[in-house]
Amino acid sequence: MKIATHLADDLLATVDEDPKPEGAVSAGIPSSKDLLLWRATWFQGGLLVAAIAGAWLSGCDLWSSLPVNWTCLTIGVIATLPLAGIVFGLSLLKLAPLERIERLVQKLIGPAVAECTWPQLAWLALLAGVSEEVLFRGWLWQMALPWGFQPALIGTSIAFGLAHPITRSYFVLATLIGAYLASVAYAVPGANLWSAIVVHTLYDLIGLRLIAAAARQELAGDRLEGMA
């Protein structure tokens, strides 16, 4: 994890050091928003294809965990509330590791997210919610389940954390969120993988909205300083 920590320091020090010149978008250079949408679509889409292909090659019945009904969707909406509340509560504590994550995320995607419309933010959230849940709580879960519920819970949650290794704190937070999502999908009566997809999507949408609002506020402050 030391490598991830050093990477985070480098990113915080270098992102946005070389901003695009004015008129770059009109000159044919894609905006940061367009790059974000394009990269997210291809990357998350690739994860989904990999999960489906992996399930097919390994003989896992991925679709058995995806029967959609109002019960599982409602559970997903309700289960979003405690997760969002806990993370929001932690943010109010102003813990240094979490503030570092917030600064890093703002540096990496804040300006691009600030340019996105509501439908575009919803698309980004849905992409992550579907692809990552089908991969981690779908295919990888079924691969680990023969070892038992707890090993599957621990293994897939750690794998989810390792997929988010920008900082050690982010890894721990992602691992805990992964355990929560798996518990919602497979420990709550009436829930299934769709429930986790709903939680993941809504949680990411809330997060993206907060990131966009913070980035716009910072931009507005910079403009006011420039006019002073």
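The values are calculated or read from the model by the stated rules, or taken from the named source; none is laboratory data. Because the structure is a prediction, the values reported are computed rather than measured. FYI the Cβ positions are ideal-geometry reconstructions off the backbone, even for glycines, and counts take in every protein chain you see.
Counting only helices (runs of 4 or more DSSP H) wholly contained in the stretch 87-195, the ones carrying 2 or more residues that are buried (at least 21 other Cβ atoms within 10 Å of the Cβ) and without any contact (Cβ under 8 Å) to a residue 40 or more places away in the chain occupy 149-162. Of the residues making up the stretch 143-165, those that are among the polar types (S, T, N, Q) and touching a helix residue (DSSP H, G or I) at 6+ places or on another chain (Cβ under 8 Å) are Thr156, Ser157. In the stretch 44-52, the condition of being at pLDDT 95 or above, buried (at least 16 other Cβ atoms within 10 Å of the Cβ), touching a helix residue (DSSP H, G or I) at 6+ places or on another chain (Cβ under 8 Å) and among the β-branched types (Val, Ile, Thr) is met by at least one residue.
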